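A.B. asks: Supplied in structure tokens, the structure appears directly below.
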There are 2 protein chains.
Amino acid sequence: MNSTDTIVALATGQGISAIAVIRLSGTYAIAITNKVFKGKDLEKEATHTLHFGTIRDGERIIDEVLVSIFKAPHSFTSENSTEISCHGSPVIVREIIKVLLKNGARLAEPGEFTKRAFLNGRMDLVQAEAVGDLIHAETDTARQVALNQMRGGYSKGLASLREELIHFASLVELELDFGEEDVEFAKRDDLRNLVIRIQQFIEPLISSFAQGNVIKNGIPTVIAGKPNSGKSTLLNALLNEERAIVSDIPGTTRDFIEDEMVLGGLSFRFIDTAGLRETEDVVESLGIERTHERMKKASLILYLYDLANTTLEEIEAQEKTFANLSSTILRVGNKLDKAKPEMVETLRKKDFIFISASSHQNIQALKDAIVAKVMLQEVKQGDAIVSSLRHYQSLVQTHEALDRVLQGLSSEVTGDLIAMDIRQALHYLGELSGAITTDDLLDNIFSKFCIGK
Amino acid sequence: MNSTDTIVALATGQGISAIAVIRLSGTYAIAITNKVFKGKDLEKEATHTLHFGTIRDGERIIDEVLVSIFKAPHSFTSENSTEISCHGSPVIVREIIKVLLKNGARLAEPGEFTKRAFLNGRMDLVQAEAVGDLIHAETDTARQVALNQMRGGYSKGLASLREELIHFASLVELELDFGEEDVEFAKRDDLRNLVIRIQQFIEPLISSFAQGNVIKNGIPTVIAGKPNSGKSTLLNALLNEERAIVSDIPGTTRDFIEDEMVLGGLSFRFIDTAGLRETEDVVESLGIERTHERMKKASLILYLYDLANTTLEEIEAQEKTFANLSSTILRVGNKLDKAKPEMVETLRKKDFIFISASSHQNIQALKDAIVAKVMLQEVKQGDAIVSSLRHYQSLVQTHEALDRVLQGLSSEVTGDLIAMDIRQALHYLGELSGAITTDDLLDNIFSKFCIGK
């Protein structure tokens, strides 16, 4: 990595739009921009200022633009940077990038701006990954989790604990240099306390992963029930209403795919199922088998009963079919408008939600119940939630290595064994924060980013 | 229109990207942004400065952003404006727009920013329309034409000529107030000279429309020839090569659709045709009839001959079939590798281009010949070219009204008749520049713009 290399990329969405922003970073970013800009002398202007002028290829004017200047280290990458805001035409973007390439910039790789921010110490790896998560957040909760992580989240706490542990590691290793002499630079009680403190810091993060994972990837949800219990009608009722609510804000349409819905800031991924019934038909029973499989894997099952055409006995029989499932189950009585009142009364005691999917009756109550059922605490500003499998694994490995340190301390093993386990814990913590990295790891992380970020 | 109304819109492309820019304009744009921004007090900061901070809904942080401030009249709209550069997630864009709406902004209509720039006198209507054309430019030449027009192009010249004409109109109308008295405030020779000067200014603009129209909308081009003369192979050879050339710059792919190609900065729209041959088959002859129709309408015909399987006599016979067409015709001898040398020698005198489409031989020479054939002069910076039918019609109508003024002056008709024709010319000129507008006209123009522009 050489920041004298100036990178350039389109940072905004492709296609026709009001404006487009082209971003440069590197020691010569301002100088290169200045070479193609006619207006003020950008190199003489202050950081965080905006300048109107034209971008030119020789005498040929490409566009009228606004250029933002960011002087190192006061930029996203900590390098000299500019942002050229031009008219949002793909032709103009192409021509401006071409003239910048001609004047010494090169095309940025995916995530290269954020990678530079990381390599220049502007953020650790956990924060850098959060930048990518933030851009790809599909719900407001996922946005909040990523933002917390990007703004430091657990990074800062872990970094200072890691520093303390490094200190102990050196002390323990210093003891080893004294060989046979019975010195103890690292007080064992203090070390034990530190290890326990780190584990206490890590444990809630490890447990938060279950929540973080569904926030990031959505909650697998199955709508199940007998044929004609109203599964599709319900799905449409849920989906359509949500769509109508969000469609007055531009730019939101693409968040929604056919079977995905955001409720209470959480993404629910609906999985289609075949209606459940007893059958002699081999093919149909295979389909039903698959439904049972899907119900097992789902985090949440909305189990639908047709109140108009089902007896209490039948309901009890159906209840047994999913008695052993570990998924959260929400029992929904559909066709409330045609149900017998005494039946509703009996079922009410069993924690049923009653709706009429076709007439959209009680859909909001159902939504509230769905959100309540998944029982995720609301993510608040500053909440540290781990949503990345990589982070989760590093934290689990750190915790295990620290367990071995504690065991070593209890069984009073020799310093060299303790030192090895501490080093192991430090290694996993270092991988997490990016203090220890490999090119492969970085490539793997940043290649998933957008170009221009 | 009330600029105390603060409008807000996403100004960059929709979807996931590195950054997105949300734009506000209106008297309270900075104040409203400041209400949701935590960082410096934006209202106290200078115009054209950038500020890092967070956008918040109450205590909830939505994103870390950079805010650009533009103070009236130093902005695109001449109003107070801000641009919020946030992470390019649709969720973040939606949340930020929501909190801005909550704090007093309203969603902008398509083109409303540019409409305000026009209504605030920042640009005339011709320039405002050029902003839209610039964003939608599909070729570099179309970009140049739109940019020239946006930067003033013929607007300034026309505006000052219109001022002069208004002056004469008042003088002539003043004469009318004196009724029977034989006064002449407007010197007839000076008026005649002015009218001629305006006509001389307008005439090249009117003639430029043919060129402007093909620059904006593409050149309708037909590849014709007998069956198996190699039409599809040629089209693929032309299209594929161009695609390969541009594909190393991101963001260009969408410029190209199956049958469109950019050569020498001009867009060529290829029209498929059925192979031309004598036939008794009724259906096939209908297809061939259509090909002839398309050849008539095309600006350019690439007429392909299979040199390997055609005699000179057959070529002469085919030549007759398009002898009466007004389209520009480029004769292309295909399968050069299998042609008899003496035949090539004879045809060379007839201004043929020789290629082998299948082996991509001489394709570049053919491209050069295509560009040369359409004989458009290169558009230079500052060239005034009319590409809008609306402008063209206004200019023609102005010219006609001025003709009537000249006729009136020659035949020494009364002042009131001359005044009427001058008013008519002024009306058309005013419609062109937007000095005279109707809500319908403005709606029609700006509704075609992007939201956010």
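A.B. asks: Taking the conditions exactly as written (assigned to a loop (DSSP other than H, G, I, E, B), modelled with pLDDT under 75 and closer than 19 Å to residue B:327 by Cα), does residue B:251 satisfy them or not? Before you say what the answer is, go through the steps one by one.
C.D. replies: Details: assigned to a loop (DSSP other than H, G, I, E, B): yes; modelled with pLDDT under 75: yes; closer than 19 Å to residue B:327 by Cα: no.
No.
A.B. asks: Considering only residues that are in contact (Cβ under 8 Å) with a residue 40 or more places away in the chain and surrounded by fewer than 17 Cβ atoms within 10 Å (Cβ to Cβ), which ones fall in region A:333-351?
C.D. replies: none
A.B. asks: If a residue has to be over 30 Å from residue B:129 (Cβ atoms) and modelled with pLDDT of 95 or more to count, how many in region A:3-28 make the cut?
C.D. replies: Step one: filter region A:3-28 for residues over 30 Å from residue B:129 (Cβ atoms), giving A:3-9, A:24-28.
Retained after the next criterion (residues that are modelled with pLDDT of 95 or more): A:6-9, A:24-28.
The number of residues fulfilling the criteria is 9.
A.B. asks: Still on this structure: Report yes if residue A:237 is buried (at least 18 other Cβ atoms within 10 Å of the Cβ), under 30 Å from residue A:306 (Cα atoms), touching a His at 6+ places or on another chain (Cβ under 9 Å) and at pLDDT 80 or above, otherwise no.
C.D. replies: Details: buried (at least 18 other Cβ atoms within 10 Å of the Cβ): yes; under 30 Å from residue A:306 (Cα atoms): yes; touching a His at 6+ places or on another chain (Cβ under 9 Å): yes; at pLDDT 80 or above: yes.
It is true that residue A:237 is buried (at least 18 other Cβ atoms within 10 Å of the Cβ), under 30 Å from residue A:306 (Cα atoms), touching a His at 6+ places or on another chain (Cβ under 9 Å) and at pLDDT 80 or above.
A.B. asks: Is it true that residue A:339 is small (Gly, Ala, Ser), within 15 Å of residue A:224 (Cα to Cα) and assigned by TED's automatic domain parsing to the domain that holds residue A:363?
C.D. replies: Considered against the rule, which asks whether it is small (Gly, Ala, Ser), within 15 Å of residue A:224 (Cα to Cα) and assigned by TED's automatic domain parsing to the domain that holds residue A:363, residue A:339 comes out as no.
A.B. asks: Of the numbered conditions (1) more than 22 Å from the chain's Cα centre (by Cα); (2) within 22 Å of residue B:14 (Cα to Cα), residue A:132 satisfies every one except a single condition; which is it?
C.D. replies: Going through (1) more than 22 Å from the chain's Cα centre (by Cα); (2) within 22 Å of residue B:14 (Cα to Cα) one by one, residue A:132 breaks only (1).
A.B. asks: Within region A:129-156, how many residues turn out to be over 16 Å from residue B:19 (Cβ atoms) and either touching a Lys or Arg at 6+ places or on another chain (Cβ under 7 Å) or aliphatic (A, V, I, L, M) (or both)?
C.D. replies: Of the residues in that region, 2 qualify.
A.B. asks: Now for a separate question. Just give me the residues in region A:53-63 being more than 8 Å from chain B (Cβ to nearest Cβ) and either within 38 Å of the chain's Cα centre (by Cα) or part of a strand (DSSP E or B) (or both), in sequence order.
C.D. replies: Looking only at region A:53-63, we keep the residues that are more than 8 Å from chain B (Cβ to nearest Cβ), and these are A:53-58.
Listed by number, the residues that qualify are A:53, A:54, A:55, A:56, A:57.
A.B. asks: Then there's this: Residues in region B:64-74 that are buried (at least 24 other Cβ atoms within 10 Å of the Cβ) and within 10 Å of chain A (Cβ to nearest Cβ): how many?
C.D. replies: 3
A.B. asks: Out of the residues in region B:24-62 meeting the condition of being touching a helix residue (DSSP H, G or I) at 6+ places or on another chain (Cβ under 7 Å) and of a type outside the set (A, V, I, L, M, F, W, C), tell me which one is surrounded by the fewest Cβ atoms within 10 Å (Cβ to Cβ). Quick ask: steps written out before the conclusion?
C.D. replies: Kept after step one, since they are touching a helix residue (DSSP H, G or I) at 6+ places or on another chain (Cβ under 7 Å), are these residues of region B:24-62: B:24-25, B:30-34, B:36, B:41-43, B:51, B:55-57, B:61-62.
Next, from what is left, pick out any that are of a type outside the set (A, V, I, L, M, F, W, C): B:25, B:33-34, B:41, B:43, B:51, B:56-57.
Working: B:25: 29, B:33: 29, B:34: 22, B:41: 9, B:43: 13, B:51: 19, B:56: 16, B:57: 15.
The qualifying residue surrounded by the fewest Cβ atoms within 10 Å (Cβ to Cβ) is B:41.
A.B. asks: Next question, about the same structure. Only one of A:387, A:394 is outside any helix (DSSP H, G or I) and touching a residue at least 24 places away in the same chain (Cβ under 8 Å); which? Steps first, answer last, please.
C.D. replies: On the way: A:394 fails: outside any helix (DSSP H, G or I).
The match here is A:387.
A.B. asks: Collect the residues in region A:328-352 that are under 23 Å from residue A:235 (Cβ atoms) and either at pLDDT below 85 or among the aromatic types (Phe, Trp, Tyr) (or both), keeping them in residue-number order.
C.D. replies: A:328, A:351, A:352
A.B. asks: Turning to a different aspect of this structure: Scan region B:130-156 for residues that are assigned to a helix (DSSP H, G or I), more than 11 Å from every other protein chain (Cβ to nearest Cβ) and either surrounded by fewer than 23 Cβ atoms within 10 Å (Cβ to Cβ) or modelled with pLDDT of 95 or more (or both) and report the count.
C.D. replies: Taking region B:130-156 and keeping what is assigned to a helix (DSSP H, G or I), we get B:130-136, B:140-150, B:155-156.
When the remaining residues are screened for being more than 11 Å from every other protein chain (Cβ to nearest Cβ), the result is B:145, B:149, B:155-156.
Narrowing the set further to residues that are either surrounded by fewer than 23 Cβ atoms within 10 Å (Cβ to Cβ) or modelled with pLDDT of 95 or more (or both) leaves B:155-156.
Matching residues across region B:130-156 total 2.
A.B. asks: From the residues in region B:161-198 that are of a type in the set (Val, Ile, Thr) and within 39 Å of the chain's Cα centre (by Cα), which one is modelled with the lowest pLDDT?
C.D. replies: Within region B:161-198, the subset of a type in the set (Val, Ile, Thr) is B:166, B:172, B:183, B:195-196, B:198.
Next, only the ones that are within 39 Å of the chain's Cα centre (by Cα) stay: B:166, B:172, B:195-196, B:198.
Values: B:166: 95, B:172: 89, B:195: 97, B:196: 97, B:198: 97.
So, considering only residues that are of a type in the set (Val, Ile, Thr) and within 39 Å of the chain's Cα centre (by Cα), the one modelled with the lowest pLDDT is B:172.
A.B. asks: Considering each residue of region B:1-20, count those that are surrounded by fewer than 20 Cβ atoms within 10 Å (Cβ to Cβ), within 14 Å of chain A (Cβ to nearest Cβ) and touching a Ser or Thr at 6+ places or on another chain (Cβ under 6 Å), and give that number.
C.D. replies: Number satisfying all stated conditions: 0.
A.B. asks: Where the second residue is assigned to a loop (DSSP other than H, G, I, E, B) and modelled with pLDDT under 95 and the first is hydrophobic (A, V, I, L, M, F, W, C) and lies in region B:78-97, which pairs have Cβ atoms under 7 Å and are six or more apart or on separate chains?
C.D. replies: Correct list of pairs: B:91/A:137; B:91/A:138; B:91/A:139; B:93/A:251; B:97/A:249.
A.B. asks: Closer than 30 Å to residue B:402 by Cα and of a type in the set (Phe, Trp, Tyr): is that true of residue B:113 in this structure? Talk me through it step by step, then tell me what you get.
C.D. replies: Working: closer than 30 Å to residue B:402 by Cα: no; of a type in the set (Phe, Trp, Tyr): yes.
Criteria not met by residue B:113.
A.B. asks: Identify the residue in region B:21-51 that is part of a loop (DSSP other than H, G, I, E, B) and either without any contact (Cβ under 8 Å) to a residue 12 or more places away in the chain or away from every other protein chain (no Cβ under 12 Å) (or both) and, among all such residues, is nearest to residue B:115 (Cα to Cα). Steps first, please.
C.D. replies: Looking only at region B:21-51, we keep the residues that are part of a loop (DSSP other than H, G, I, E, B), and these are B:26-28, B:39-41, B:45-48.
Next, from what is left, pick out any that are either without any contact (Cβ under 8 Å) to a residue 12 or more places away in the chain or away from every other protein chain (no Cβ under 12 Å) (or both): B:26-28, B:41.
On the way: B:26: 13, B:27: 16, B:28: 18, B:41: 29 Å.
Selected residue: B:26.
A.B. asks: What number goes with the only condition from (1) of a type in the set (A, V, I, L, M); (2) surrounded by fewer than 19 Cβ atoms within 10 Å (Cβ to Cβ); (3) touching a helix residue (DSSP H, G or I) at 6+ places or on another chain (Cβ under 6 Å); (4) within 19 Å of residue B:173 (Cα to Cα) that residue B:402 does not pass?
C.D. replies: (2)
A.B. asks: Residue A:330 is checked against (1) part of a strand (DSSP E or B); (2) free of Cβ contacts under 8 Å to residues at least 24 places away in the same chain and fails just one. What number does that condition carry?
C.D. replies: So residue A:330 meets the others, but not (2).
A.B. asks: Condition first: in a loop (DSSP other than H, G, I, E, B), within 12 Å of chain B (Cβ to nearest Cβ) and crowded, with 20+ Cβ neighbours inside 10 Å. Now tell me which residues in region A:78-122 satisfy that.
C.D. replies: Step one: of region A:78-122, the residues in a loop (DSSP other than H, G, I, E, B) are A:78-80, A:89, A:103-104, A:108-111, A:120-122.
Cutting the leftovers down to within 12 Å of chain B (Cβ to nearest Cβ) gives us A:89, A:108-111.
Residues satisfying the conditions are A:89, A:108, A:111.
A.B. asks: Go through region A:1-20 and give me each residue that's assigned to a strand (DSSP E or B) and either over 28 Å from residue B:138 (Cβ atoms) or among the charged types (D, E, K, R) (or both).
C.D. replies: A:6
A.B. asks: State the number of residues belonging to region B:416-435 that are of a type in the set (A, V, I, L, M, F, W, C) and surrounded by fewer than 20 Cβ atoms within 10 Å (Cβ to Cβ). Explain how you work it out, then say what you get.
C.D. replies: Of all residues in region B:416-435, those of a type in the set (A, V, I, L, M, F, W, C) come to B:417-420, B:422, B:425-426, B:429, B:432, B:435.
Next, from what is left, pick out any that are surrounded by fewer than 20 Cβ atoms within 10 Å (Cβ to Cβ): B:417, B:420, B:426, B:435.
Qualifying residue count for the region: 4.
The values are calculated or read from the model by the stated rules, or taken from the named source; none is laboratory data. Note that this is a predicted model, so its numbers are computed, not measured. Note: ideal-geometry Cβ built from the backbone for every residue, glycine included; neighbour counts use all protein chains shown.
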